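Participant: Below you will find the structure I want to go over with you.
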Amino acid sequence: MTIAHEVTGEGPTVVLLHSTVCDRRMWTPLVPDLAAAGHRVITCDLPGFGDTPVPAEPYNDADEVSALFDRAALIGSSGGGGVALELAARFPSRVTALALLCTALPGHPPSEARRAFGNQEDAFLAAGDLEAATALNVSTWLGPEASAATRASVHTMQRHAFDIQRAAPEPAEITHPYDIAAITAPTLLVSGAHDLPEFTDTATHVAATLPNADHRHLDWAGHLPSLERPDLINPLLIDFLS
């Protein structure tokens, strides 16, 4: 399948991979700044998010994204960061730089707080209360700097994801073996003081594993800093890519 995507600007390619609380619309505050800085920006919706339906056949997120570019820098948020890590590990010669915002890492053990969140979300979904599940995600994943408009936007994206995912059978996901130690790209890791603790632990672990990594822990940030304070994150990402 070809996942839904948009291309903006000209220059070296940057692929933006959204959090699984959102879809490609989460990058609306960043795309114009990246394009103005001389980048060709690709935003995409992972399978089951935004305008990309749940596939009918087994699939792999990284395989779907890899079809969109030949060589690129990757910026990933949360679950999108996990996809970016897989791409950079499996195809190191194709990834020129890697910026990970509160990244997930497949196989990393969840914190007690993450398990409690998951149990509560599952309970709401089992009861068919999508509104409560959506509100839980908004309150969990946005830090205190997020505006009311940002909270409303994340609510819209998360609720849409629930709607399209629950309307389709859940297909099998294809997994490929990879080792993040194979990553050669310069890497920026961002974590937030108002996020669940496992994401700081993940950033610390990845930074210690990779030879050319920089970890920035932000005292103001929650789990989605590019939405909470784009005025602070956008310059950081553009400076890193330069």
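Participant: With respect to Pro92, is the statement that it is without any contact (Cβ under 8 Å) to a residue 60 or more places away in the chain and either surrounded by fewer than 15 Cβ atoms within 10 Å (Cβ to Cβ) or under 23 Å from Phe69 (Cβ atoms) (or both) true?
Facilitator: Here the answer is no, as Pro92 does not meet what is asked.
Participant: For segment 153-167, name all the residues that are loosely packed, with under 12 Cβ neighbours inside 10 Å and either at pLDDT 95 or above or not in a loop (DSSP other than H, G, I, E, B) (or both). Spell out the reasoning first.
Facilitator: Residues of segment 153-167 loosely packed, with under 12 Cβ neighbours inside 10 Å: 163, 167.
Correct list: Asp163 only.
Participant: Okay, next question. Suppose we keep only residues that are surrounded by 14 or more Cβ atoms within 10 Å (Cβ to Cβ) and aliphatic (A, V, I, L, M) within segment 138-152. Which one would you say is nearest to Ala104 (Cα to Cα)? Give the steps one after another, and end with the answer.
Facilitator: Narrowing segment 138-152 to residues surrounded by 14 or more Cβ atoms within 10 Å (Cβ to Cβ): 138, 140-143, 145-146, 150-151.
Okay, now just the ones that are also aliphatic (A, V, I, L, M), so 138, 142, 146.
Details: Val138: 17, Leu142: 16, Ala146: 21 Å.
Among residues in segment 138-152 that are surrounded by 14 or more Cβ atoms within 10 Å (Cβ to Cβ) and aliphatic (A, V, I, L, M), the one nearest to Ala104 (Cα to Cα) is Leu142.
Participant: Mind telling me which of the residues Thr13, Thr8, Thr20 ends up being more than 20 Å from Ile180 (Cβ to Cβ) and touching a Phe, Trp or Tyr at 6+ places or on another chain (Cβ under 9 Å)? Walk me through it before giving the result.
Facilitator: Numbers: Thr8 fails: touching a Phe, Trp or Tyr at 6+ places or on another chain (Cβ under 9 Å); Thr20 fails: more than 20 Å from Ile180 (Cβ to Cβ).
After ruling out the rest, the residue left standing is Thr13.
Participant: I've got another one for you. Quick check on this structure: which one of Ala203, Ala213, Ala208, Ala221 is of a type in the set (Gly, Ala, Ser) and free of Cβ contacts under 8 Å to residues at least 12 places away in the same chain? Even if it seems obvious, please write down each step before you answer.
Facilitator: Values: Ala203 fails: free of Cβ contacts under 8 Å to residues at least 12 places away in the same chain; Ala213 fails: free of Cβ contacts under 8 Å to residues at least 12 places away in the same chain; Ala221 fails: free of Cβ contacts under 8 Å to residues at least 12 places away in the same chain.
Answer to the check: Ala208.
Participant: How many residues are farther than 23 Å from Met26 by Cβ and hydrophobic (A, V, I, L, M, F, W, C) when one looks only at segment 155-211?
Facilitator: The qualifying residues number 9.
Participant: Continuing with the same structure: Is at least one residue of segment 168-181 of a type in the set (Ser, Thr, Tyr), closer than 28 Å to Asn60 by Cβ and either out of contact with any strand residue (DSSP E or B) (no Cβ under 7 Å at 6 or more places or on another chain) or in a helix (DSSP H, G or I) (or both)? Explain how you work it out, then say what you get.
Facilitator: First, the residues of segment 168-181 that are of a type in the set (Ser, Thr, Tyr): 175, 178.
Checking which are closer than 28 Å to Asn60 by Cβ leaves us with 175, 178.
Subset that is either out of contact with any strand residue (DSSP E or B) (no Cβ under 7 Å at 6 or more places or on another chain) or in a helix (DSSP H, G or I) (or both): 175, 178.
Yes: segment 168-181 contains one or more residues that are of a type in the set (Ser, Thr, Tyr), closer than 28 Å to Asn60 by Cβ and either out of contact with any strand residue (DSSP E or B) (no Cβ under 7 Å at 6 or more places or on another chain) or in a helix (DSSP H, G or I) (or both).
Participant: Could you tell me which residue of segment 2-50 is farthest from Ile174 (Cα to Cα), considering only residues that are of a type in the set (Asp, Glu) and within 14 Å of the chain's Cα centre (by Cα)? Full working, then the answer.
Facilitator: Step one: list which residues in segment 2-50 are of a type in the set (Asp, Glu), which gives 6, 10, 23, 33, 45.
Still in the list and also within 14 Å of the chain's Cα centre (by Cα): 23, 45.
Working: Asp23: 21, Asp45: 18 Å.
Among those that are of a type in the set (Asp, Glu) and within 14 Å of the chain's Cα centre (by Cα), it is Asp23.
Participant: Continuing with this model, one more query. Which of the residues that make up segment 168-192 are surrounded by 11 or more Cβ atoms within 10 Å (Cβ to Cβ), in contact with a Phe, Trp or Tyr (Cβ under 9 Å, 6 or more places away or on another chain) and modelled with pLDDT under 95?
Facilitator: The answer is Pro171, Glu173, Ile174.
Participant: Can you name every residue in segment 22-73 that is assigned to a loop (DSSP other than H, G, I, E, B), crowded, with 22+ Cβ neighbours inside 10 Å and in contact with a Gly (Cβ under 8 Å, 6 or more places away or on another chain)?
Facilitator: Result: Asp23, His39, Leu46.
Participant: While we're on this one: Taking Ala99, is it in contact with a helix residue (DSSP H, G or I) (Cβ under 8 Å, 6 or more places away or on another chain), in a strand (DSSP E or B) and at pLDDT 95 or above?
Facilitator: yes
Participant: Let me confirm something: among Gly76, Gly81, which residue is surrounded by 17 or more Cβ atoms within 10 Å (Cβ to Cβ) and in a strand (DSSP E or B)? If you could, list the steps in order and put the result at the bottom.
Facilitator: On the way: Gly81 fails: in a strand (DSSP E or B).
Answer to the check: Gly76.
Participant: So, one more: Might you check whether a residue that is surrounded by 23 or more Cβ atoms within 10 Å (Cβ to Cβ), touching a helix residue (DSSP H, G or I) at 6+ places or on another chain (Cβ under 7 Å) and of a type in the set (A, V, I, L, M) occurs anywhere in segment 106-120? Explain how you work it out, then say what you get.
Facilitator: Taking segment 106-120 first, the residues surrounded by 23 or more Cβ atoms within 10 Å (Cβ to Cβ) are none.
There is no residue in segment 106-120 that is surrounded by 23 or more Cβ atoms within 10 Å (Cβ to Cβ), touching a helix residue (DSSP H, G or I) at 6+ places or on another chain (Cβ under 7 Å) and of a type in the set (A, V, I, L, M).
Participant: Would you point out which residue out of Thr150, Thr202 is of a type in the set (Ser, Thr, Tyr), touching a Ser or Thr at 6+ places or on another chain (Cβ under 8 Å), assigned to a helix (DSSP H, G or I) and at pLDDT 95 or above? Don't jump to the end; show me each part of the working.
Facilitator: Numbers: Thr150 fails: touching a Ser or Thr at 6+ places or on another chain (Cβ under 8 Å).
Just a single option satisfies the conditions, and that option is Thr202.
Participant: For residues that are closer than 23 Å to Arg229 by Cβ and without any contact (Cβ under 8 Å) to a residue 60 or more places away in the chain, tally how many sit in segment 39-75.
Facilitator: Count: 2.
Participant: Checking the conditions here, which among Asp231, Asp214 is modelled with pLDDT of 95 or more, out of contact with any Gly (no Cβ under 9 Å at 6 or more places or on another chain) and not in a helix (DSSP H, G or I)? Even if it seems obvious, please write down each step before you answer.
Facilitator: Working: Asp231 fails: not in a helix (DSSP H, G or I).
The match here is Asp214.
The values are calculated or read from the model by the stated rules, or taken from the named source; none is laboratory data. Keep in mind it's a predicted model, so treat the numbers as computed, not measured. Here the Cβ is made from the backbone with ideal geometry for all residues, glycine too, and neighbour counts use every protein chain on show.
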